[in-house]
Ligand SMILES: [Zn+2]
């Protein structure tokens with residue numbers, strides 16, 4: 001599964017990794033946001049078909 005970030009229009013395979021590498025989110029923030037809501041980044045990414 002691939003995703004396209006609606007913010008920066010880049011493609012990625014791993015949303016948490018993208019948030020950390022491209023948008024400089026810290027791992028702690030990403031982890032806690034995903035823990036609070038596993039779908040929290042879904043609206044920010046489009047799913048691309050392989
Ligand atoms: Zn992005």
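Values quoted throughout were computed directly from the atomic coordinates according to the rules given, and no laboratory measurement underlies them. Because the structure is a prediction, the values reported are computed rather than measured.
Some notes on this structure:
- Rounded to two decimals, the Cα radius of gyration of the chain over 2.2 N^0.38 Å is 1.07.
- Multiplying the residue separation of residue 36 and residue 21 by 0.36 nm and subtracting their alpha-carbon distance yields 3.3 nm.
- Estimated purely from DSSP H runs of n ≥ 4, each contributing -39500 (n - 2.57), the mean residue ellipticity at 222 nm for the chain is -9500 deg cm²/dmol once divided by its residues.
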